[in-house]
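Just so you know, all these numbers are worked out from the coordinates, no wet-lab data involved. Predicted model, so just to flag it, every value in this text is computed and none were measured. Every residue, glycine among them, receives a Cβ derived from its backbone with ideal geometry; neighbour counts consider all protein chains shown.
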Amino acid sequence: MNEKQVSPLSGSTNRRKFIKSSATAAAAVSAVNMFKTPVYGQNQAPSSGRVIGANDRITIGFVGVGGQGMAHVRSMKEHAAENNVALVATADVSKHRAADAQKYIGGDCEAFGDYRKLLERKDIDVVCCATVDHWHTPVSVDAMHAGKHVYVEKPMTRYLGEAFQIYDTCKSTGKILQVGSQGCSDLKWHKAASLIKGGRIGPVVMSQGSYMRNAPKGEWNYGIQEWATADDINWEMWLGKQIKTRKSFDADHYFRWRKYYPYCAGLLGDLFPHKLHPYMLATGNPQFPTRVASVGSRKVETDKKTPGTYMRDVEEIIQLIAEFPDGMVMHITSSTVNETGTQEMIRGHKATLTMQGNKVVLTPERAFTDDVEAATFSDLDGAPFVGEPIHVHEKNWFDSIRANKQPNCGIDLAVKVQTVISLAEMSDRLNVMCLFNEKTRKITDGSGKELKPITYGTLDLS
């Protein structure tokens, strides 16, 4: 208490106000402490940024310009005229990468080693974040507090507590955030949502999908470049204060970070978002999960076939099953050691939707053939399905900013997807089933015992 304040216990009215304000403050502290996750943007006075009109040019800054970051740089530069955008700045902990992106963009593009310097530029309207996963939250939160809209690569966050930090910041600042799961801009999933909301397949009961690869020498064992040295890369900043399992500069960890739990959830963080976002979008009513279970293994040990790398922490195969309040059960499978996938489908009580390339096939259940007509769809209101090109998803973000509306993979969908991902990681690593209460944001096991969400430093490999 400030010593100059009157004691809150003097008088019954003040006492009631003190109890009420203390309870509110305690709840806020509890919400932060429950996740024990770094809170970003706390000391920033939020900036509103400018209102972007339909004909205004949008200026873009890029934070993280490695492989995926440069994919966005190339795509946004190629489509700059049709989207009426200007690429004006890059930021990366690698001098080489920041300069390479700056040179590719050309013109007056500025390069920074610290993304916070990029955020200080008031002429930048939006930020594209394609950093290592554990930097998604600080960059996104700081950018929104600085008045910028955000495109953040999937997964939206590394841990669940951070997902709600992004969610709460997005809601309080009113910024438009798009998660880079471009399948959400593939119109076949929107057609599925339309059919489901229209009652064409009856109550949704199950959905299934997979993202399968087979990498004999180990998935994510990317080549290590000669320029990647301790002199080029700000290693301490790359790690950030949030990483507790710290080590000296290691080019293997820098390039192959998806293999290691301190920085990534592996398949759950890299490939599962490509399925979870569109499948949950397709229900027409994305929900938080009520319970999630996941199992996986890494018995093939493909890393042994790549000399000079470490054995991965993350799984080589993993399966997830999630239940939602409306009764739907979702099953998603992913692998880096077998590429044969499952049939992509959403099962309803009356009919089933199968996602077949650029078409959606509706097949009645045998008991409902008199009520439901079989059909095949290849467009949505005249717009053909075009798959998952990245520039379409980027355009949806730009259009949404100008229209001040939620994009195809906006915060309301993304936070629910991240909850499934984070609970799945907890389930697999802690060997438990995770139940979730969306009102309290609390997690329990099957016996009702509360489980603290894992975060940085919770486990040996975090």
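Tell me which residues come under 5 Å, amide H to amide H, from Lys244 once H is placed; ignore anything under 5 positions away on its chain.
Excluding prolines and chain starts, which carry no amide H, the hits are Gly457.
Step through the residues of the stretch 193-207 one at a time and calculate ³J(HN,Hα) from phi using the Karplus curve (6.51 cos²θ - 1.76 cosθ + 1.60, θ = phi - 60°), rounding each to whole Hz and writing x for Gly and Pro.
4, 5, 5, 5, 5, x, x, 5, 10, x, x, 6, 10, 8, 9
State the extension gain, in nm to one decimal, for the chain segment bounded by Lys95 and Lys241, taking 0.36 nm per residue of separation less the distance between their alpha-carbons.
50.5 nm
Among His145, Met237, Gly67, which residue has its Cα positioned farthest towards the positive end of the charge dipole of the chain, with +1 placed on the Cβ of Lys and Arg, -1 on the Cβ of Asp and Glu, and the dipole taken about the Cα centre?
The residue sitting most towards the positive pole is His145.
Mind listing the lone cysteines of the chain, meaning no other Cys beta-carbon sits under 4.7 Å from theirs?
Cys109, Cys128, Cys129, Cys170, Cys264, Cys434
Take the alpha-carbon positions of the stretch 214-321, form their convex hull, and give its projected area averaged over all directions (one quarter of the hull surface) in nm².
Seen from a random direction, the Cα hull of the stretch 214-321 projects 8.9 nm² on average.
Mind checking the full-extension length gain between Thr290 and Leu461? Use 0.36 nm per residue of separation minus the Cα-Cα distance, one decimal, nm.
58.9 nm
Going by amide H atoms built from the backbone, whose H comes under 5 Å of the H on Ile58, apart from near neighbours?
Val85, Ala86
What chymotrypsin sites (Phe, Trp or Tyr not before Pro) in the stretch 298-390 are in a loop by DSSP, with at most 15 other Cβ atoms within 10 Å of the Cβ?
The qualifying sites are Tyr310.
Note the full-extension length gain between Asn358 and Val386 as 0.36 nm times their separation in residues minus their Cα-Cα distance, in nm to one decimal.
9.4 nm
Give a residue-ordered list of calculated ³J(HN,Hα) values for the stretch 174-184 (Karplus: 6.51 cos²θ - 1.76 cosθ + 1.60, θ = phi - 60°; whole Hz; x for Gly, Pro).
Here the 3J(HN,Hα) series is x, 7, 8, 10, 10, 8, x, 10, 5, x, 5 Hz.
Considering only C-alpha atoms, what is the centroid distance from the stretch 304-380 to the stretch 49-111, in Å?
For the stretch 304-380 versus the stretch 49-111, the Cα centre distance is 35 Å.
Structure shown: which of Lys299/Lys449; Lys247/Lys452; Lys416/Lys452 lie over 21 Å apart, alpha-carbon to alpha-carbon?
Too far apart for the 21 Å limit: Lys299/Lys449; Lys247/Lys452.
Could you check what % of the DSSP bridge pairs in the chain are antiparallel, to the nearest 5?
60 percent
How large is the convex hull of the C-alpha atoms of the chain per residue, in Å³?
Spread over its residues, the Cα hull of the chain gives 185 Å³ apiece.
Would you mind working out the magnitude of the charge dipole of the chain relative to its Cα centre, with +1 at each Lys and Arg C-beta and -1 at each Asp and Glu C-beta, to the nearest 20 Debye?
The calculation lands at about 1340 debye.
What's the magnitude of the charge dipole for the stretch 58-184 around its Cα centre, counting Lys and Arg as +1 and Asp and Glu as -1 at the beta-carbon? Answer in Debye, nearest 20.
For this selection, approximately 60 debye.
Among 149-155, 296-302, how do they line up from the highest to the lowest mean number of other beta-carbon atoms within 10 Å?
Going by the mean number of other Cβ atoms within 10 Å, highest first, we get 149-155, 296-302.
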